[in-house]
Every structure is written in C-alpha cells, then in structure tokens.
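Below is one structure, written out as structure tokens, with a few remarks after it.
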Amino acid sequence: MLLEVIAVRDPEAPALDEPDPELRDQENVPLPDESVTFEPDPSARLASEPYRRAVEKYMAAEVVPYVPDAWVDDSKTKLGYEIPLTRHFYKYVPPRPLEEIDAEIRALEEEIQGLLGEVTA
C-alpha cells in the first residue's frame, strides 16, 4: 500500500522478474470437446496435451495480438464450466402496453398529489 502512494509506474523501465499484479487478467478459454468425469483434482487433465494446446491456441489467437508479452501462469489455472442459466431458464414476457403504463403513472401521480395535499394542508 505504501509503495503505491510513494512510487510512480514507469512503462519505459526495464522488465522485472516478477509479474505486475495490477496487470493480471483472466480469460475463459473454450476447452476441447471430450467426454470427462468428475475429478476432485483436475490438474492432470489441465496438464494433458489437448488442454495445453487449447490454451496455447486461444492465447495465440485472442490475447497475444493485443498484449504481445502476455503469458499463462499454469499454477493459477483453474478448470470450471459456465452454465448460462438465462439461456436455459429465462422466459420472455413482453412489456405491458404503453397506454397501460402511462395510465398507471397518472394514477400514481394523482395519489401522490392527494397525499401531499393532506400533509401540507
């Protein structure tokens, strides 16, 4: 914390041996299509050739063109799945007609005016 207050970042400075935590980012990488079972520790699967290739391919196509010195810290790699709940469970309900909404707003305005009249009278 103190270092952030008294130090100034210099993008022209020589590279350090440590990564800059302020520049850390994460990505959701599409994984290979292969049948898998639950494993309490998926580190062996993450180290397998298809998974490493998927991460390298994603990095080369989506990250490195924009951040040429980006790299993957394999010790922080996690395996997870995204379940798009909205896509599976959301049911579209069209909005009420504008006339109905407008009439409700007018009725609420009249009610508010009546309540204000009681308070100020």
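Read-outs: derived from the displayed coordinates by stated rules, not from any lab. This structure is a prediction, so every number in the text was calculated from the model and none was measured. Glycine gets a Cβ as well: all are built from the backbone with ideal geometry, and neighbour counts include every protein chain shown.
Structure notes:
- Between helix 49-58 and the chain: long-axis angle, C-alpha atoms, 0 to 90°, nearest 10: 60 degrees
- Look at Leu46, Leu108 and count the other Cβ atoms within 10 Å of each Cβ; fewest to most, that gives Leu108, Leu46.
- Helix 98-120 and the longest principal axis of the C-alpha atoms of the chain enclose an angle of approximately 70°.
- Overall form of the chain per C-alpha gyration tensor (a/c, 1.5; a/b vs b/c): oblate
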